[in-house]
Amino acid sequence: MLARLLLLLIVIPLADLLVLLWIAQHTSAGFAFALVLAGGIAGVAVMRWQGFHAWRHVRREIDAGQTPAVALFDSLLIFVAGVLFFIPGVLTDIAAAALLLPPVRRAVLAYMHRRIEILLYGRANPKPPARDTIIESRVIESRVIETPPESGNTR
């Protein structure tokens, strides 16, 4: 877990900076700055549009009486894309733009679903047990022949 956190906090921003410096070296510093600025502005605009779309999807599922789990995870991934857009850099902008594409979000969602199943049920049994499996059942029939007299009641 610590290695992944170090990857997120050190290696990715460093790689972003190196790509940005490479772009600036092959074009100009102004172009590299404009690229980061334009990526952020365009990303925020697309994120707002996708966010409104995801919110409408959540409302539709709630109104239909369904649990909006997929729509909520969709909204979470759009939020992550927004956070990535606010981090200056070309690689994070590319990752954020990819997360705004619905097919990419579905693939990430399927990956997260598999990972959660493995965490919950282990690698040997990746599928949850069936909920409506009957292990053993037995029906005992009975009927009341006579009701016992009530004690303590004097009518």
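I need the helices of the chain that pass two filters: whole DSSP H segments spanning 15 Å or more by Cα along the axis, and mean Kyte-Doolittle score no lower than -1.0.
Those that pass (Cα extent of 15 Å or more, hydropathy at least -1.0) are 12-26, 29-63, 69-86, 102-121.
Describe numerically, in nm with one decimal, the distance between label points set 7 Å from Cα along Cα→Cβ at E141 and at L21.
Here the modelled spin labels are 8.6 nm apart.
Which of rounded, prolate, oblate describes the chain, given a ≥ b ≥ c as roots of the alpha-carbon gyration tensor eigenvalues and a/c under 1.5 marking rounded, otherwise prolate only if a/b is larger than b/c?
prolate
Applying a 10 Å radius around every beta-carbon, put 77-84, 58-65, 33-40, 3-10 in order of their mean neighbour count, most first.
Ranked by mean Cβ neighbours within 10 Å, highest first: 77-84, 33-40, 58-65, 3-10.
How big is the Rg/Rh ratio for segment 39-121, C-alpha atoms only, Rh by Kirkwood, two decimals?
We get a ratio of 1.03 for segment 39-121.
Taking Cα centroids, how far is segment 57-97 from segment 98-116 in Å?
10 Å
Computed from the coordinates by the stated procedures, all read-outs in this text should not be read as laboratory data. Everything numeric here is computed off the predicted structure, so don't read it as measured data. Glycine gets a Cβ as well: all are built from the backbone with ideal geometry, and neighbour counts include every protein chain shown.
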